[in-house]
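> Submitted below is the structure of interest, expressed as structure tokens.
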2 protein chains.
Amino acid sequence: MRLALSLAQENVRRGGGPFGAVIARGGEVIATGVNRVTAVHDPTAHAEVQAIRAAAARLGTHDLSGCEIYASCEPCPMCLGAIYWARLSRLYYAATKDDAARAGFDDSLIYHELSLDAAARSLPSERLLPDEADGPFAAWRGQPDRKPY
Amino acid sequence: MRLALSLAQENVRRGGGPFGAVIARGGEVIATGVNRVTAVHDPTAHAEVQAIRAAAARLGTHDLSGCEIYASCEPCPMCLGAIYWARLSRLYYAATKDDAARAGFDDSLIYHELSLDAAARSLPSERLLPDEADGPFAAWRGQPDRKPY
């Protein structure tokens, strides 16, 4: 966790956001990540997502079961979703969501929005082409060598 | 939306997952994305995330306000979080979460988990080093040329 916190602090000095993350397995550091949203123009480049991408690339698998993630701050919904998809086994964090909100990074709106039905969200959303929507899934079901995950 | 669906279907033929996304602005396609999770060993490489990254890179900003996203399927929590962070103005989707679950891609567990307090989630999580957690935020507050987002 000290490494995640020092990466976060160092990232601020380099012009990035105050967030860092480390993925480890059995005490060995597999990969690290820092927030690069404004630096590389990627709204998904949060520290946890960057660390997950780097760890998956290093281990050659999208399945990070058995690894744990150390995040300098409690993850936002996007990063928490990524942690579940990556099947990380354990999450450690230092600062809380409330600490992040006080520093100007408030993801409580997003947590709240995700808990609502689509029709109640502030993001306008609409279903289109329902009659054609099954095409990709039909192709998937017909693919003998598909890789489920 | 027809482009998103045909990208999804084509991606299955290329060994990827049955998901595609298109980001457009005022009728012009800015970027596209398909699911590359197993192909590139990246658990975050969902179609929507890939399209957001490509659009942000093309426009040179992490702020995609004024753009809309067409997703072949209703987004998972990670992608929906990414859509909020990217400030996309509107979401269109074709297949529903239930259609995806029937095809073997069930994100209802993740939606449910995100709605719970950390202590109630299936993912074990624990706070560490609370007394050192403010270090990165203190550095951020002291950075005169910080870029808030």
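The values are calculated or read from the model by the stated rules, or taken from the named source; none is laboratory data. Just so you know, these numbers come straight off a predicted model, no measurement behind them. All Cβ positions, glycine included, derive from the backbone under ideal geometry; neighbour counts span all protein chains shown. When the accessible area is computed, the model is the full protein with side chains, heavy atoms only, and any ligands, DNA or RNA have been set aside. Shrake-Rupley method; radii C 1.70, N 1.55, O 1.52, S 1.80 Å.
> Which of the residues belonging to segment B:22-76 are in contact (Cβ under 8 Å) with a residue 60 or more places away in the chain and farther than 17 Å from B:D107 by Cβ?
Passing the criteria: B:I23, B:H62, B:D63, B:Y70.
> Hey, another quick one. What tally of residues in segment B:136-149 results from selecting those that are aromatic (F, W, Y) and exposed (fewer than 14 other Cβ atoms within 10 Å of the Cβ)?
Result for segment B:136-149: 0.
> Enumerate the strands (runs of 3 or more DSSP E) found wholly within segment B:58-149, keeping only those where 2 or more residues are more than 8 Å from chain A (Cβ to nearest Cβ) and touching a strand residue (DSSP E or B) at 6+ places or on another chain (Cβ under 6 Å).
Per the criteria, B:68-73.
> Is it the case that B:A133 is open to solvent by less than 30 Å² (accessible area, probe 1.4 Å) and within 24 Å of A:K147 (Cβ to Cβ)?
no
> Now, a different point. Within segment B:10-38, which residues are surrounded by fewer than 20 Cβ atoms within 10 Å (Cβ to Cβ) and either within 9 Å of chain A (Cβ to nearest Cβ) or touching a Pro at 6+ places or on another chain (Cβ under 9 Å) (or both)?
Of everything in segment B:10-38, those that are surrounded by fewer than 20 Cβ atoms within 10 Å (Cβ to Cβ) and either within 9 Å of chain A (Cβ to nearest Cβ) or touching a Pro at 6+ places or on another chain (Cβ under 9 Å) (or both) turn out to be B:E10, B:R13, B:G15, B:T38.
> So A:D117 ticks every box in (1) open to solvent by 80 Å² or more (accessible area, probe 1.4 Å); (2) closer than 13 Å to B:Q9 by Cα but one. Which box is left unticked?
Among (1) open to solvent by 80 Å² or more (accessible area, probe 1.4 Å); (2) closer than 13 Å to B:Q9 by Cα, the lone unmet condition for A:D117 is (2).
> Out of all the residues in segment A:50-57, is one or more of a type in the set (V, I, T) and modelled with pLDDT under 95?
No: segment A:50-57 contains no residue that is of a type in the set (V, I, T) and modelled with pLDDT under 95.
> Against the definition (farther than 24 Å from A:V37 by Cβ, crowded, with 23+ Cβ neighbours inside 10 Å, touching a Ser or Thr at 6+ places or on another chain (Cβ under 7 Å) and of a type outside the set (F, W, Y)), how does B:A101 come out, yes or no?
no
> Looking at segment B:50-58, is at least one residue open to solvent by less than 10 Å² (accessible area, probe 1.4 Å) and touching a Pro at 6+ places or on another chain (Cβ under 8 Å)?
Checked against the condition, which is being open to solvent by less than 10 Å² (accessible area, probe 1.4 Å) and touching a Pro at 6+ places or on another chain (Cβ under 8 Å), segment B:50-58 yields at least one hit.
> Can you pull out every residue in segment B:70-125 that is of a type in the set (V, I, T) and more than 14 Å from the chain's Cα centre (by Cα)?
Hit for segment B:70-125 is B:T96, nothing else.
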